[in-house]
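Quick notes on the structure that follows.
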Amino acid sequence: MPTRITISEAVRHEAETVEIAGWLYNIRKSGKIVFPLLRDGTGLMQCVAVKSALPEALFETIKNLTQESSIVVTGKIRADARAAGGFEMDVENLEVVQRVPESDPYPITPKEHGTEFLMDHRHLWLRSQRQHAIIRVRHAVIKAVRDYFDSHGFTLVDTPIFTPAACEGTTTLFEVNYFEDEKAYLTQSGQLYNEANAMAFGKVYCFGPTFRAEKSKTRRHLTEFWMVEPEMAYADLEEVKRVAEEMLLFITARVLETRREELKVLERDVAKLESVQSPFPRIGYDEAVKILQANGSEIQWGGDFGGTDETILTQQFDRPIMVDRFPSAIKAFYMAPDPDRPEVALGVDVLAPEGYGEIIGGGQRVHDPELLLRRIEEHQLPKEAFNWYLDLRKYGTVPHGGFGMGIERCVAWICGLEHIRETIAFPRMLYRLRP
RNA sequence: UCCUCAGUAGCUCAACGGUAGAGCAUUCGGCUGUUAACCGAAGGGUUGUAGGUUCGAAUCCUACCUGAGGAGCCA
C-alpha cells in the first residue's frame, strides 16, 4: 500500500508513489492525455493520466470524471515546471469514492458567478481557491491574536454569550427566550464582564462571537461576528494604545510570514502590509475633524465619523492610525473623561488603512464610583442591573482599560477584500441567514 | 425605515417596442502537455410575480417579491 499524503506534503515525496484523497477540482482533456486537477483541502495537485500507460477502463473512468467527484489517486510525484505548484502526479490508479452525476453537475463552475448565487451556495463556495485562502488567513490572524496575548501575560477568560439585561438599548440586541418568563440577550461585547475578570487576573482577554441586531447593510457589517477583547487593570489610555499597536504589528508580521501563498491567491499587494510598522500615527479627534473638513467632509466638532469620513482619514496614511479623545457625548457611558478636558473621552479608535476604517475601539474606563453612578443615571440605564458592575468600583477600583477588535474587519483589511462577508465561513447578515 | 441599481437558459450576460441570442456548464465527436485548455455539433426559455398601455411588451407604466450597493444606525 502506498503512503497516504496530503498535497501540502508532496514536496517531501518526490519520485515516490503515494496516495492522495480528495476531490476533482477541474479536468483538462487532450485526447489520449488528461490532466485532472486534484484538491484535498491543503492545496491543488495537477495529475497526469496517459492513455498508453493505463488500463483502458481506468483511462475511460478518469476521462469521464465530473467536477467535485470524490477520488483517491495513486501515483508518482514528479517535479515539473509545467504544473502550477511545481509538482505533478503521474496517475497509476484512481478510485472513485463518489461520482457526481452529470444530470445534476456541481453548480460552481470555473467561470464567473454573481454574489447572490455564490452566497446561496456558500457551503460549496468554500471549496474555491480564493475562499480557501481567505479562511486560512483568518485562521492565522486568530492564532496570532491568541499567541500575542498568551505570550504577554494575559489570561484567557471568556465571557458569557447570554446576558441578562438590555444594557445598551434594546434595538441592537437579539432577544431570546430564557426558559419561562425570562428574556435573555445575545452579547454585544464581553467588556463589562472583562472588567470583572481584569480585577481578578490583572490582564485578561476574551474571544468569541458577538451579536448586533443593527439594520446595517454595508460591506463592513455582520450581525454575528467574532471579537477579541483584552482588558487590563492599572492601565491608562496610552497603555491601551501601545498594546493595540503591538498586537496589530504581531498579526501582520505573522500573516506575512506564514500566509504568503494565500495572499498571492488573493492578489493582495503585500507591500501595503509590509509598510505596517511602528509607530502608528496618533491623532486627536480635534485634528481629525480639521483634516476631514480640509478634505471636503461636512463633519462638525461633536459628530461621529461616517463611513466616508473614515475612508478620507485613512487614505492620508500608509498604516493604521489611532484617533483618540472623542467627544464624551457620542461615546459609551463607561468611557473615562480626560481629566484635563472633561468634554472628551479617553477612548481610541484604530482605523485600518486603504479605506477599511475602524477595526479597533477601546479606551480607559470610568473607575470613579461616583462618576460611574452618575453616568448610569444620565444614560437612563436600569441601576439594579449594574449593581455587580458598580461593585467593581466599590472594592479596590483602579484605572483600567482595554479594547475590542473585530476579527472579520481585520481579516478583510489584511486580505484586501471588497466585502466582509467572505471573511467568515457562514456569514450572518441583515437579510441573509442561510445556508 | 429611506435612496439607487438589478432580476432573461444551470451560471455570466446580450437583445431596449417588431421572429429571445452568445460564452461557460451538460451530452456526443476530435485532439499525447493542458493551465478558467481548444475545435465541431446537439439539447436547454411561461424573460421574478400580478395587473395595465399597445395591432404587438423581455423592452413602456403601476404594485408587489427577491437580491445588490449605500444612508440612517453601528458599546
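General observations
- Across q = 0.10, 0.16, 0.21, 0.24 Å⁻¹, region A:291-395 modelled as identical point scatterers on its alpha-carbon atoms has Debye log10 I(q)/I(0) values of -0.36, -0.77, -1.06, -1.24, in the order of the q list.
- Residues A:ASN26 and A:LEU156, FRET efficiency given R0 of 51 Å [Cβ-Cβ distance, rounded to 0.05]: 0.75
- Of the peptides A:53-60, A:99-106, A:340-347, the ranking by mean beta-carbon count within 10 Å, highest at the top, reads A:340-347, A:53-60, A:99-106.
- Annotation: amide H-H contacts under 5 Å for A:MET429 (H modelled 1.01 Å from N, sequence separation of 5 or more, or interchain): A:THR223.
- Evaluated at q = 0.16, 0.23, 0.24 Å⁻¹, the base-10 log of the normalised Debye intensity for region A:3-98, with identical point scatterers placed on the Cα atoms, takes the values -0.55, -1.22, -1.34.
- Note on A:GLU298 and A:TYR389: their simple-model spin labels are 3.4 nm apart, each label 7 Å out from Cα toward Cβ.
- A cut-off of 5 Å between modelled amide H atoms, ignoring neighbours fewer than 5 places along the same chain, links A:THR210 with A:PHE225, A:TRP226, A:MET227.
- Nearest-0.05 FRET efficiency for A:THR42 and A:GLU377, computed from C-beta distance (R0 56 Å): 0.45
- Radius of gyration and maximum dimension Dmax of region A:242-334, Cα, Å: 16.0, 46
- In range of the label at A:LYS111: residues from region A:20-45 whose backbone nitrogen is under 16 Å from the point 7 Å along Cα→Cβ: A:27
- Net charge contributed by nearby residues that have their C-beta within less than 9 Å of A:GLY416 (K/R +1, D/E -1): -2
- Taking a sphere under 10 Å around the Cβ of A:GLY404 and counting the other residues whose Cβ falls inside, with K and R at +1 and D and E at -1, yields a net charge of -2.
- Net charge contributed by nearby residues that have their C-beta within less than 10 Å of A:PRO209 (K/R +1, D/E -1): 0
- Ordering of A:280-286, A:290-296 by packing [mean C-beta count within 10 Å, highest first]: A:280-286, A:290-296
- Farthest toward the positive end of the dipole of chain A, out of A:ILE360, A:VAL48, A:LEU173, is the Cα of A:VAL48, where the dipole comes from beta carbon charges about the Cα centre.
- Cα centroids of region A:1-53 and region A:239-268: 33 Å apart.
- Projected label points at A:ASP338 and A:ARG428, each 7 Å from Cα along the beta carbon direction, are separated by 3.8 nanometres.
- Length-normalised contact order of chain A in % [C-alpha pairs under 8 Å, at least 6 apart]: 13
- Summarised as an ellipsoid, chain A has semi-axes of 50, 23, 20 Å, derived from the eigenvalues of the Cα gyration tensor scaled by 5 and square-rooted, with the largest first.
- Sparsely packed chymotrypsin sites (Phe, Trp or Tyr not before Pro) within region A:372-406, loop by DSSP, other Cβ within 10 Å at most 16: A:TYR395
- The charge dipole of chain A, taken about its Cα centre with unit charges on the Cβ of Lys, Arg, Asp and Glu (plus for the first two, minus for the last two), comes to roughly 1240 debye.
- Prolate/oblate/rounded call for region A:359-435, Cα gyration tensor, a/c under 1.5 rounded: prolate
- Restricting region A:165-250 to chymotrypsin sites (Phe, Trp or Tyr not before Pro) that sit in a DSSP loop and have at most 15 other Cβ atoms within 10 Å of their own Cβ leaves A:PHE174, A:PHE179, A:TYR234.
- Gyration tensor analysis over the Cα atoms of region A:351-390 returns equivalent ellipsoid semi-axes of 31, 11, 9 Å (largest first, whole Å).
- Contact order normalised by residue count of region A:3-98, Cα under 8 Å, 6+ apart, percent: 30
- Prolate/oblate/rounded call for region A:172-256, Cα gyration tensor, a/c under 1.5 rounded: oblate
- Pairs from the table (A:LYS111/A:LYS217; A:LYS183/A:LYS215; A:LYS32/A:LYS111) lying more than 23 angstrom apart at Cα are A:LYS111/A:LYS217; A:LYS32/A:LYS111.
Every read-out reported here was derived from the displayed coordinates using simple, explicitly stated rules and does not represent laboratory data. Note that this is a predicted model, so its numbers are computed, not measured. Heads up, the Cβs are rebuilt from the backbone with ideal geometry, glycines too, and the neighbour counts pull from every protein chain shown.
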